[in-house]
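Worksheet: the structure to be examined is printed underneath.
What follows is calculated from the coordinates using simple rules that are stated; it is not laboratory data. Computed from a prediction, not measured in an experiment: that's the story for all the values here. Counting neighbours? That spans all protein chains shown, and the Cβs are built from the backbone with ideal geometry, glycine included.
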Amino acid sequence: MEQESTKSVSFFRFEDLRIYHKALDYIDWVYSTTSLFPEDPARGLAGKFLATAQAIAFYIAEGSSRNKSQFIYYLKLAKSAVRECVVLTSVLEKQGSITPASVEASRGQLVEMTKMIGALIGSLQKAGQRNGSKNNDHEVEDELEFVDQINARRY
């Protein structure tokens, strides 16, 4: 009887990605921060901020079920959502809705996610260059097997 690996791989591959969990942490942070807003026009921005933060995780999850080039596309959409969160952070700061400490916390998390997404994109593109002679997306996807599963867990 073979022993099972100490690291289990989840059914949903995106759940094995650190960037996905960072995005969930950011959603939690945004929710906690915006739940303190008073009922005023900033409430509309709070909803937009939460939806945009959620989009980061949604794009990562959706893209992970696609072929490699589509996954890269969805990761780029996730990076766009990160930049949108930067803008929303700045707007909320100008309105006095969030403290300078919250701005710093938001920006720090967003910078980290941008770097992680960029590294994952780079890893996927590098794997694609190694497999560049294959034209069949299924062959590339099967061979890549989510960037060797272990390699992708770094991001």
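Given a cut-off of 18 Å, name the pairs among Lys76/Lys126; Lys48/Lys115; Lys79/Lys115; Lys48/Lys94 whose C-alpha atoms lie farther apart than that in the structure shown. Pairs exceeding 18 Å: Lys48/Lys115.
Restriction of the GluC sites (Glu not before Pro) in region 24-101 to DSSP coil positions whose beta-carbon has at most 12 other beta-carbons within 10 angstrom yields Glu39.
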